[in-house]
Each structure stands twice: as C-alpha cells, then as structure tokens.
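Heads up, the thing below is written out as structure tokens.
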Amino acid sequence: MSHESLPDWRVEKSAITASKLGHEVIFAGRKPSNDYSRKTFSNTCEIDWTAKARMGIPFYWHSVKKQVQRIIKQVKPDIVHAHNIFSAKMMSELELPYVYDDHEYWSKHSKLLIEMANNSDHFFLRDKIKDRKSRLFNIISSAKKIRRRLINNYAIRLWTDWEKELVSSCPTITVSDEIAEELRIVGKNNNRIFVVPNFPMKCEIRDIKMPSFHNSLSSVYAGSDGLNKEKYPNRNLDGLTNIFNDREIGTLTIIGWNEELSGTKVNYTGFLPRSAMYEEMLNHSIGLLPWKKHWSHYFVGPNKTYEYAHAGLFVMCTSSFTSIREKLKDNCFSFEDYNHMATQLEYYADNLDDLYKKRQKIFEFARTDLIWEKYEKNVIRSYEIC
C-alpha cells in the first residue's frame, strides 16, 4: 500500500521479492499512470490519498480509512507492506500485520519541505515585486506565508510523532545504515529496523557488458530533478554547465532534461526509459552527483549513483553524501565544490588508462555488492516477524 501511484520502482521491487516467495501481491494506492503496463501486481486497487488526509485532518483521514477498510475486506491480505509514513500510520489503526517501509525519513523530510516552501515564497515575491500596487497585495501575501508556515510546522510535529510511534511498534525498513541508526535511537527498536538500499535488481543489469575503453573524457548526469532549484534546494546544480563550457574537462551529457540548445561540450537527451538510460550511460566514463552541499545529503542516497556503477561509470559526488561514500568505498571520488571537481576531471582527461581501471573495478563491485537481491532477505525477515 502506498499514498502514491505506479510506477514506483522501489514498491515494485518489494512486490517482486514477495512474489518470488509465492505470495500473491496486490497494489493499493493512487491510480497508476496511463502508460503503466508492467504486470508486477495481480491487481490494483485505488485509494484517493488527499493532501488533507496526509495531514491527519479527521474528516479526510476517515474518508481514506473507509476506502482502505473496503479494500481490506475485499482482498483479505495476510500482510500489508506499507510504503511511507501515511500508509503505515493508517495500518496502525487496523488489526492486520504490517511492515513500515520508510523511503524518506519523514521527520527530516518534513523539514526539507518547509525549506522548499520558504524558497517558493521567496521566488514568488521576487517575481511579483513589480506588481505591488496596493497594500492589499502585501496583506494577502503575508497571510498566505503565515498560513503555510503554520501548516508546515504542524506537519513536522505530526510526522515526527507518527514516525516515532511506528518505528517503536512495527518492523521498519529504511534505505541506509545512517537512517537506520537514528531510527533505532528514536524508536528504541534495535532488532526490527532493516536496511534495504535502492539498488538495481539483477534483471535490470544482467545484459550490461563490461565497460569499454573511451579515447576521450565524457561525464553524465541523470535526472531532471536538479533543474528546479526553487523546488529542490538540496539538488542545486547552479554553474555545472558553465564549468564544463569554461574548462577543458571533457563533455557533459544530461539525461532527463529537455533543452533545445545542445553544444559541443554539454548535451541533453530528454527523458529516456530505463533501458535506454543504461545504453546512454555506457557511452560515458564518469557519473556525476554534483548537487551542491546541503544538510539533507547525510540522509539521502540517490539511485543514480548505483545505476552509474552498474553501467561501468566511475562515480564522483559531493562530499556531503555520506551514505554514497560509505556504500561505494574507494569506487568514488568526493569533491568539495565545482573547482575541486574540475581539477579531478582534468586529471582523468589526461589519465584515461587509470580511469578505465577504476571503471572496470566499480563495474565488478556493483555486480557483487550493489544489487537488490543481496538485501532482499531483510524484506523477507521483516515479513516473518511482523
């Protein structure tokens, strides 16, 4: 069960693991997107998770609860794999075994949502500054900001309380050792916190061949997420393309951005399906995670770095990504800022043989260490004890 819709690859990977055990798996959440065609689930059931329900407002919460109770009566599940905090909190009010899969670390994620909202207010007011023709506009804008701030502060308190309650009372799966250690302290629940990183499954990467040598240096960044710094302050990529255009550090290809202008040093592919994404990655030597330092990076581990590794890309990331550095060990290079990154890229541009050895090493490392199947026993264990 999830408050979001399909496709959601982490949800589906958990379902595939359960299917391998012989379970029938049914999805309950928002209506899948129109182009979703995978047959991961035997059936799907729709839940209308509204924003007000996610804030725990009683009328809207009970409206969702009725939908969930109706589905449970119909499906009669033995176990509910509750993805993220809202589904898990809902299941805590019903008499069924359930596992809480904490994708986001919600007590910290809610603080990031406040920062995002504050940024949105800042950019809105900046863009509207020329339109301030009346005192009424200022009053309305201030009232909206105060209302949003009150709602966000309420969300932090609510979701922090929910998280503590859940990790104290049920088996909990999370995505990194760093988050798991903190949740064990929060919930005083050492034996029922399990780590399952967002690694690819074997079926995704089995056909990828050993990386080939490249005669020139090229880097890749995957994801449209960094394009909007107002919405994603922890994914700031300001100046990334400039430094490639200004210095001799090879070329950069960005997967996921739609830009009309591509140049000799920076190119854009637009959206690519996962199989085509891996094909594109094979054309490059280095995978970048160049988001500028942010307090939230300690708790996040973007999937793209593990996908880079399976495509035989040496990984370079900002030093604030503790989890990535721990998982990849010496198979990545961490940098402090873009100048530091560029200096290292200049070295690799002149030492392609050394870079190729690193690419071969990370490719082999990914095959043995960075796969979902290595950790799916933790999913199974959480089911056994719930």
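Under the Karplus relation 6.51 cos²θ - 1.76 cosθ + 1.60, θ = phi - 60°, what is the ordered set of whole-Hz ³J(HN,Hα) values for the stretch 102-107, x standing for Gly and Pro?
8, 5, 10, 6, 5, 5
Of the listed pairs LYS188/LYS374; LYS13/LYS265; LYS52/LYS76; LYS13/LYS209; LYS202/LYS327, which have alpha-carbon separations greater than 29 Å here?
Exceeds cut-off: LYS13/LYS265.
For the pair LYS293 and ASP369, what calculated FRET efficiency results from E = 1/(1 + (r/R0)^6), where r is the Cβ-Cβ distance and R0 = 25 Å, to the nearest 0.05?
The formula returns an efficiency of 0.40 here.
Which shape class applies to the stretch 294-386: rounded if a/c is under 1.5, otherwise prolate when a/b exceeds b/c and oblate if not, where a ≥ b ≥ c are the square roots of the Cα gyration tensor eigenvalues?
Here the stretch 294-386 falls in the oblate category.
Let me know the charge dipole size of the chain about its Cα centre in debye, to the nearest 20, where only the beta-carbon of Lys, Arg (+1) and Asp, Glu (-1) is charged.
Dipole about the Cα centre, nearest 20: 1520 debye.
State whether the stretch 202-370 is rounded, prolate or oblate according to the following rule on the C-alpha gyration tensor (a ≥ b ≥ c being the square roots of its eigenvalues): a/c under 1.5 gives rounded; otherwise a/b larger than b/c gives prolate, and the remaining case gives oblate.
Because its axes are fairly even, with a/c under 1.5, the stretch 202-370 counts as rounded.
Tell me which aspartates and glutamates have Cα within less than 20 Å of LYS145's Cα, excluding those fewer than 8 residues away on the same chain?
Within the straight-line cut-off, LYS145 pairs with GLU115, ASP121, ASP127, ASP131, GLU230.
Under 5 Å between amide H atoms, partner at least 5 residues away or on a different chain: which partners does THR318 have, H built in plane at 1.01 Å?
Correct list: LEU289, TRP291, PHE335.
What ³J(HN,Hα) values, in whole Hz, does the Karplus curve 6.51 cos²θ - 1.76 cosθ + 1.60 give for the stretch 358-375 when θ = phi - 60°, with x put for Gly and Pro?
Rounded to whole hertz, the list is 5, 5, 5, 5, 5, 4, 5, 4, 4, 5, 9, 10, 9, 10, 4, 4, 5, 10.
Check cross-link reach from LYS89 to the aspartates and glutamates: straight Cα distance under 17 Å, and skip same-chain residues fewer than eight apart.
Within the straight-line cut-off, LYS89 pairs with GLU4, ASP48, ASP101, ASP102, GLU104, ASP161, GLU163, GLU165.
Out of the stretch 166-252, which chymotrypsin sites (Phe, Trp or Tyr not before Pro) are coil in DSSP terms and have no more than 12 other C-beta atoms within 10 Å?
PHE213
Would you please name the trypsin sites (Lys or Arg not before Pro) within the stretch 8-59 that are DSSP coil residues with at most 12 other C-beta atoms within 10 Å of their C-beta?
ARG38, LYS39
Enumerate the amide H contacts of GLY256 below 5 Å, restricted to partners 5 or more residues apart or on another chain; note that Pro and chain-start residues carry no placed amide H.
Under 5 Å from the amide H of GLY256: GLY223, THR269, GLY270, PHE271, LEU272.
Mind listing the phi-derived Karplus ³J(HN,Hα) values for the stretch 22-33, rounded to whole Hz, using 6.51, -1.76 and 1.60 with θ = phi - 60°, and x for any glycine or proline?
Karplus-based 3J(HN,Hα) across the stretch 22-33 equals x, 7, 7, 10, 10, 9, 10, x, 5, 4, x, 5 Hz.
Which far-off residues, 5 or more places away or on another chain, put their amide H under 5 Å from the one on ALA28, with H placed in the peptide plane?
Those lying under 5 Å, H to H, from ALA28 are SER2, CYS45.
Given the rule -39500 (n - 2.57) for each run of at least 4 DSSP H residues, summed and divided by the residues of the chain, what is its mean residue ellipticity at 222 nm, to the nearest 500 deg cm²/dmol?
One gets -15000 deg cm²/dmol as the mean residue ellipticity at 222 nm.
Throughout, read-outs are computed from the coordinates displayed, never taken from laboratory work. In this text the structure is predicted, and so the values were computed from the model without any measurement. In this analysis, Cβ positions are derived from the backbone assuming ideal geometry, glycine residues included, and neighbour counts consider all displayed protein chains.
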